[in-house]
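Everything on this sheet refers to the single structure shown next.
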Amino acid sequence: MTLRAVTLLIISLLTLENCLAEQFSKFFVDFFVDTKTQADKVTYPYFYNGDRTLVKSGWQPINLKNKNRIVIVCADSLESVTKEDAVDVAITNGVNLSGVKHHFSKQGQAWKLNNSRGIPSTEYADKGFMTFIERFSTDVDFQKKNIIFPLPEKTVQISADGKETQSGSKLHMPRTWAPVGFIGQTTQICSFVQTGEDANNRRIVIFENGEKSLSYNFISIRGNWFLIEIERYTR
């Protein structure tokens with residue numbers, strides 16, 4: 001077998017492995033939407049702040065304040081963490097950056113929750129962006145100054161097999177812009193951003209009733225964050 005053939009075989013195997021691997025975002029959203037099946041997605045013993053659950057029958061479901069609207073912050077892309085063997089997700093109540101960090105790991109091709117612990121705000125991995133989002137959500141003038149207009153909004157069609165195809169677009173202008181906010185009394189922010197991750201882009205992806213609904217895409221320019229694109233998903 002030639003070197004080229006071996007290289008192509010390795011690439012094919014890696015591609016197949018990535019295709020077989022369970023998407024982390026789907027696992028994560030399903031974990032909190034369908035709490036009845038959570039116990040099957042946990043490794044035991046499970047530890048939370050020193051307390052432990054030894055067996056599946058002792059599992060107590062973890063609930064979000066609003067499982068019908070899950071807000072996720074990620075760097076790069078929503079699925080960039082799928083290729084990792086382990087992922088930490090910090091869930092906080094709005095801008096109160098203290099919360100709970102959940103540690104997930106890949107078991108074969110599937111994901112499992114390993115342990116959880118409360119964290120103070122000093123341990124939050126993405127303070128700079130969240131400080132920006134707090135002001136962006138509450139200060140209309142600041143929000144407009146931190147949007148690059150004309151702002152494109154794409155309509156993305158998701159097929160039954162998960163393929164995404166752009167089906168339309170429009171442009172938002174300053175005069176007609178309707179302010180958006182990501183901070184609210186029932187909003188919990190689920191951060192996929194890992195400690196030490198320094199990507200200069202962020203996405204806020206909103207899942208409604210378990211389905212991906214909206215994506216707000218931000219970029220950092222000279223240390224300042226700007227909203228540069230919206231994606232709206234339909235089925």
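Bear in mind these aren't lab numbers, they're just calculated from the coordinates by the rules spelled out. Note that this is a predicted model, so its numbers are computed, not measured. Note that each Cβ is placed from the backbone with ideal geometry, even for glycine, and that neighbours are counted across all protein chains shown.
Of note:
- Residue exposure sequence - F226, F32 - by fewest surrounding Cβ within 10 Å: F226, F32
- The antiparallel fraction among DSSP beta bridges confined to the chain stands at about 80%.
- Counting only whole DSSP H helices of the chain, the ones at least 24 Å long by C-alpha along their axis and with mean Kyte-Doolittle hydropathy no lower than -0.5 are 3-20.
- On the beta carbon distance between H172 and N49, with R0 = 45 Å, the FRET formula returns roughly 0.55.
- For the range 164-235, the spread of Cα coordinates along the three principal axes comes to 36, 31, 30 Å, biggest extent given first.
- Cα gyration tensor shape of the range 82-150, rounded if a/c is under 1.5, else prolate or oblate by comparing a/b with b/c: oblate
- Measuring nothing but how far apart in sequence close Cα pairs (under 8 Å, 6+ apart) lie, relative to its length, the range 13-112 scores a relative contact order of 29 percent.
- Note: relative contact order over the chain, using C-alpha pairs below 8 Å and six or more positions apart, is 24 percent.
- Residue of E197, E153, E22 that the Gaussian network model of the chain assigns the largest fluctuation, springs spanning Cα pairs under 10 Å: E197
- Largest GNM mean-square fluctuation across S57, S98, S25, computed for the chain with C-alpha springs under 10 Å, falls on S57.
- For N115, the residues whose amide H sits under 5 Å from its own are H103, ignoring neighbours fewer than 5 places away on the same chain, with H placed 1.01 Å from N.
- According to the Cα-based calculation, Rg over Rh for the range 23-234 is 0.98, with Rh computed by the Kirkwood formula.
- Placing unit charges on each Cβ (+1 for Lys and Arg, -1 for Asp and Glu) gives the chain a dipole about its Cα centre, and among V42, W111, L227 the Cα reaching farthest toward its positive end belongs to L227.
- Between K112, K144, K101, the residue with the greatest mean-square fluctuation in the GNM of the chain (Cα pairs under 10 Å linked by springs) is K144.
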